[in-house]
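What follows draws every value from the coordinates through simple rules; no lab data is involved. Worth saying up front: this structure is predicted, and the values here are computed from it rather than measured. Cβ coordinates were reconstructed from backbone atoms using ideal geometry, including for glycine residues, and neighbour counts include every protein chain displayed.
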Protein chains: 2
Amino acid sequence: MCTTEEKIINASIVLFSQKGYTAVTTKEIAKEAGVSQMTLFRHFESKHNLFERSLDKFVFSPQFKALFESLEWDLERDLNKICSSYQDVLYKNRKIILMHLKNEELNPHFEAVLYKFPNEFKKLLNRYFEEMRNRGAIIENPETLAVNFLTTSFGLFFTSLVMNKLTFDTDIQTCISNYIKIFTKGISLL
Amino acid sequence: MCTTEEKIINASIVLFSQKGYTAVTTKEIAKEAGVSQMTLFRHFESKHNLFERSLDKFVFSPQFKALFESLEWDLERDLNKICSSYQDVLYKNRKIILMHLKNEELNPHFEAVLYKFPNEFKKLLNRYFEEMRNRGAIIENPETLAVNFLTTSFGLFFTSLVMNKLTFDTDIQTCISNYIKIFTKGISLL
DNA sequence: TCATCATGTTAGTTCTTACTAACATCATCT
DNA sequence: AGATGATGTTAGTAAGAACTAACATGATGA
């Protein structure tokens, strides 16, 4: 956090993701950013422009190469890594994701960016499961497994994100490794 | 759909769940409901009151008795039923759920109502897995399994709800039964 | 036929908010 | 020291939205 613009963008992301575009005022954003409302308009012209520039700025992409190279072709370990990476990307982008969910109608074009993560992970998973099938570790259809893994992983993420008050005693990390254990066993041969 | 109040409540739920509380105007709701704005205020006094009455009205509860009595103590079949029921409840309440997600700050008390479903299902699942463990079908901790099943099921639901444009070729029904298959195998003995 | 009741219409009030203009301040650089 | 540029302040405009009051209309039921 350094320049004025960054401060404003950060503040806007926090607030937009919490309350949604319309419910947040530029005054509020300025206050949260610690600048005057005038400064906000000088830098971004309009509220909507600020919204769009915020979306553009904060998309953290996963590092696929590093991930793919670290795989060991051991189902449980690999899936653990992949799931953790996915959770990590989702978590880093959580505010943007919430911002998108709360303001879908405002940024249809942005959907494409958001869906990039699941899609890229799906491709990665597809390749992985295909290879594992070739190696004789599993028999299921890779596509099916990939979709399954993605959607259920997303459930873990989202539950822990928005329903954290839900009195599930188990913490998220344990939850993930349990999930991977079950999933691995569920798709393994024998 | 019949009385004027119902028409207005229906319209408000549609719009609130699509755009969020603040972004929707009473004029818009009145138009969507096919009544005049004045009629809206005559019936509901204020926008916020309408919002709360909408929340109160549209909560579809699951029928636990029927569900519990139809269980056959066959893991895959039972989990299929339970998951379907859960998906059904979530789907019937999808607009309310979205409405809640988009307006969290407006209705903190309503969270309790929303979390009722997962919590009730969790209890049901707990009892079920405990019984199955007693019968020697599984060994895992029932609580762990329940949490896992719930969160991942929610992922299926939510993905199909808000990310339907995601180009997952598999349809939701197939997706569910694949998921149950994997999960069942993952938690079964041997 | 006449009273009642729900609804529509129109005009208006008040408040909030996005956004602007003009001027003040203050640090930095030459 | 003086110019520049970024920021703050204050006052204000214009538009929109929640909400009200008063009156009109039209169906129902005694």
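Structure above, values below:
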{"item": "Prolate/oblate/rounded call for the protein assembly as shown, Cα gyration tensor, a/c under 1.5 rounded", "result": "oblate"}
{"item": "Nearest beta-carbon to the A/B symmetry axis - residue in chain A, distance in Å", "result": "A:G155, 1"}
{"item": "Whole-Hz ³J(HN,Hα) from phi, Karplus 6.51 cos²θ - 1.76 cosθ + 1.60, for the range A:7-13, glycine and proline x", "result": "4, 5, 4, 4, 4, 5, 5"}
{"item": "Dimensionless Rg/Rh of the range B:64-187 - Kirkwood Rh, Rg from C-alpha atoms", "result": "0.99"}
{"item": "Unit charges at the beta carbon, dipole of the range B:19-118: most positive-side option, B:T22, B:F41, B:I96", "result": "B:F41"}
{"item": "Relative counts (whole %) of C-alpha pair distances in the range A:4-57, using bins that are 10 Å wide", "result": "29, 66, 6"}
{"item": "At 7 Å out from Cα toward Cβ: B:K27 inter-copy label distances (nm, ascending)", "result": "2.2"}
{"item": "Label spacing, shortest first and in nm, from A:T4 to its equivalents in the remaining copies (7 angstrom along Cα→Cβ)", "result": "5.3"}
{"item": "Shielding by partners - mean other protein chain Cβ count within 10 Å, residues of A:175-182", "result": "5"}
{"item": "Per-pair calculated FRET efficiency, R0 = 45 Å: B:E69 and A:E131 via Cβ, rounded to 0.05", "result": "0.50"}
{"item": "Cα-centred dipole magnitude for the range B:41-190, charges only on beta-carbon of K, R (+1) and D, E (-1), debye, nearest 20", "result": "360"}
{"item": "Label 7 Å beyond Cα on the Cβ vector: A:R133 copy-to-copy distances, nm", "result": "3.5"}
{"item": "Using θ = phi - 60° and Karplus 6.51 cos²θ - 1.76 cosθ + 1.60, couplings along the range A:44-60 (whole Hz; Gly, Pro as x)", "result": "10, 6, 9, 4, 5, 4, 4, 4, 5, 5, 5, 4, 4, 5, 9, 10, 8"}
{"item": "Eligible aspartates and glutamates near A:K81 by straight Cα distance, threshold 20 Å, same-chain separation 8 or greater", "result": "A:E69, A:E72, A:E120, A:E130, A:E131, A:E143, A:D171"}
{"item": "Gyration tensor verdict on the range B:110-177 (Cα atoms; rounded if a/c is under 1.5, prolate if a/b is larger than b/c, oblate otherwise)", "result": "oblate"}
{"item": "Residues with amide H under 5 Å from that of A:I138, placed H, sequence gap 5 or more", "result": "A:R133"}
{"item": "Exercise: per-residue mean of other protein chain Cβ atoms within 10 Å, A:135-145", "result": "2"}
{"item": "Under the Karplus curve 6.51 cos²θ - 1.76 cosθ + 1.60, θ = phi - 60°, whole-Hz ³J(HN,Hα) for the range B:104-119, x wherever Gly or Pro sits", "result": "3, 5, 7, 9, x, 5, 6, 3, 3, 5, 4, 6, 4, 4, x, 5"}
{"item": "Segments B:146-152, B:52-58 sorted - mean Cβ within 10 Å per residue, highest first", "result": "B:146-152, B:52-58"}
{"item": "Cα centre as origin, Lys/Arg/Asp/Glu Cβ charges: the protein assembly as shown dipole, Debye", "result": "640"}
{"item": "Unit charges on C-beta of K, R, D, E only; dipole of the range A:4-57, Debye", "result": "140"}
{"item": "Rounded if a/c under 1.5, otherwise prolate or oblate - the range B:30-125, Cα gyration tensor axes", "result": "prolate"}
{"item": "Inter-chain Cβ neighbour average for residues B:21-27, partner chain, 10 Å", "result": "3"}
{"item": "Separation between Cα centres of the range A:13-77 and the range A:104-152, rounded to whole Å", "result": "24"}
